[in-house]
1. Say we look at the range 1-36 and pick out the residues that are outside any strand (DSSP E or B) and under 10 Å from the mean Cα position of the chain (by Cα); which of these is modelled with the highest pLDDT?
2. Would you pick out the residues in the range 62-74 that are more than 16 Å from R15 (Cα to Cα) and either loosely packed, with under 11 Cβ neighbours inside 10 Å or touching a strand residue (DSSP E or B) at 6+ places or on another chain (Cβ under 8 Å) (or both)?
3. Restricting attention to the range 37-47, does a residue exist that is at pLDDT 90 or above and touching a Phe, Trp or Tyr at 6+ places or on another chain (Cβ under 9 Å)?
Amino acid sequence: MEGYTGKVDLVARYRGVPCIIELTTAEQPKQKISKLYDKPLQLVAYGGAINRYYRDSLFGAKISNGLIVVALRDQDAE
């Protein structure tokens with residue numbers, strides 16, 4: 001995919017819905033989306049690239065959902 005750097009962590013169905021899933025770590029819980037910095041923008045960029053490249057061949061439709069999974073040391077993911 002031209003013009004993009006980085007790698008998509010996971011593309012899968014979550015509760016039956018096709019999603020781009022970004023896995024990240026943090027020292028403290030992120031109580032607000034603004035605390036995730038550029039992660040939401042990263043998901044949107046990956047979505048655009050995936051939909052452009054694969055069109056609707058992955059799940060029969062374009063992917064329009066994303067999840068950010070934040071892993072905390074010695075705690076469950078949020």
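The values are calculated or read from the model by the stated rules, or taken from the named source; none is laboratory data. Keep in mind that what you see is a predicted model, and the values were worked out from it rather than measured. With ideal geometry, Cβ positions are generated from the backbone for all residues, glycine too; neighbour counts draw on all protein chains shown.
1. For the range 1-36, the residue satisfying everything is D9.
2. V70, A71, L72, R73, D74
3. Looking for residues that are at pLDDT 90 or above and touching a Phe, Trp or Tyr at 6+ places or on another chain (Cβ under 9 Å), one finds at least one in the range 37-47, hence yes.
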